[in-house]
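Inspection log for the structure reproduced underneath, given as structure tokens.
The values are calculated or read from the model by the stated rules, or taken from the named source; none is laboratory data. Being a predicted model, the structure only gives us computed values, none of them experimental. Glycine gets a Cβ as well: all are built from the backbone with ideal geometry, and neighbour counts include every protein chain shown. Accessible surface is based on the protein model in full, side chains and every heavy atom, while ligands, DNA and RNA are left aside. Shrake-Rupley method; radii C 1.70, N 1.55, O 1.52, S 1.80 Å.
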Amino acid sequence: MSIRHGLLALLDQGPRYGYQLRTEFEARTGATWPLNVGQVYTTLSRLERDGLVEPAGEDEDGHQFYAVTDAGRTELRAWFDTPVPRTNPPRDELAIKLAMAVTVPGVDVSAVVQGQRRHSIKALQDYTRLKGRALAGESRPGVVPSASNDLAWLLVLDQLIFQTEAEIRWLDHCETRLAQQAEALQAEARAAEAGGGRGTAPAPAKRGRRLRA
């Protein structure tokens with residue numbers, strides 16, 4: 001998740017202060033990736049350091065506003081125009097967990113897979129219910145209803161649903177792999193046991209040399 005570029009996108013629509021940025025970011029993403037104000041101001045400081053935003057005055061309550069610079073707009077357009085790279089995929093905790101589980105003795109990998117599947121199915125059901133409410137036009141607490149915010153939330157929900165569906169299919173695949181490996185190991189054990197029980201055939205008798213008369 002690029003908080004940096006998300007904040008630039010919001011500032012591109014006009015100056016804002018930290019709490020406004022946090023509220024609008026969460027409104028557009030359905031609070032799927034919640035931010036705290038400290039993260040927002042830390043990111044703003046780095047953006048200001050890099051010349052992408054600049055202070056834009058304070059209001060009567062002392063809120064410091066920030067505005068995007070021309071360099072910031074250039075950075076934002078480059079972000080929108082550049083595909084998200086997949087050459088260095090983000091670390092996936094579930095994939096790492098299963099990769100480790102199959103190499104650590106004593107771990108019931110099937111139980112790990114089944115537990116994760118139950119959790120993922122429940123998450124999928126929750127996302128689907130949220131999507132149904134969004135499609136029915138139900139407003140979310142603390143979010144100002146608007147066509148753009150609603151569409152943004154639906155796109156995030158769709159991504160979460162597709163991602164979770166793919167995760168469940170992958171878990172099914174992992175379980176099939178585990179079953180195939182268990183069968184292969186059992187077959188090897190049976191073959192080794194059968195081979196060890198067989199008697200060895202006697203060596204053929206050597207022929208003596210024929211003596212000349």
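Output yes when any residue across the range 147-159 is at pLDDT 90 or above and touching a Phe, Trp or Tyr at 6+ places or on another chain (Cβ under 8 Å), and no when none is. Yes - at least one qualifying residue is present in the range 147-159. Evaluation of Arg77 against the conditions (1) closer than 21 Å to Thr32 by Cα; (2) assigned to a helix (DSSP H, G or I); (3) open to solvent by 90 Å² or more (accessible area, probe 1.4 Å) shows that the sole unmet condition is (1).
Take the range 125-162 and flag every residue that is hydrophobic (A, V, I, L, M, F, W, C), closer than 21 Å to Leu10 by Cα and under 24 Å from the mean Cα position of the chain (by Cα).
Residues satisfying the conditions are Leu151, Ala152, Trp153, Leu154, Leu155, Val156, Leu157.
Does Thr164 satisfy the condition of being under 19 Å from Thr32 (Cα atoms), of a type in the set (Ser, Thr, Tyr) and in a helix (DSSP H, G or I)? Against the criterion (under 19 Å from Thr32 (Cα atoms), of a type in the set (Ser, Thr, Tyr) and in a helix (DSSP H, G or I)), Thr164 qualifies. Number of residues in the range 127-141 that are over 14 Å from Leu157 (Cα atoms) and either open to solvent by 90 Å² or more (accessible area, probe 1.4 Å) or touching a helix residue (DSSP H, G or I) at 6+ places or on another chain (Cβ under 6 Å) (or both): the value is 2.
Scanning the range 25-54 for residues that are open to solvent by 50 Å² or more (accessible area, probe 1.4 Å) and more than 21 Å from Leu157 (Cα to Cα) yields Asn36, Gln39, Tyr41, Thr42, Ser45, Arg46, Glu48, Arg49, Asp50, Glu54.
Considering Thr103, Thr69, Thr32, the condition of being over 30 Å from Pro145 (Cβ atoms) and under 23 Å from the mean Cα position of the chain (by Cα) is satisfied by Thr103 alone. Checking each residue in the range 1-38 for being in a helix (DSSP H, G or I) and β-branched (Val, Ile, Thr) picks out Ile3, Thr23, Thr29, Val37.
Residues in the range 82-126 that are open to solvent by less than 100 Å² (accessible area, probe 1.4 Å), outside any helix (DSSP H, G or I), more than 30 Å from Ser2 (Cβ to Cβ) and not β-branched (Val, Ile, Thr): Gly106, Asp108.
Within the range 102-140, the set of residues being in contact with an Asp or Glu (Cβ under 7 Å, 6 or more places away or on another chain) and over 28 Å from Gln180 (Cα atoms) comprises Ala134 only.
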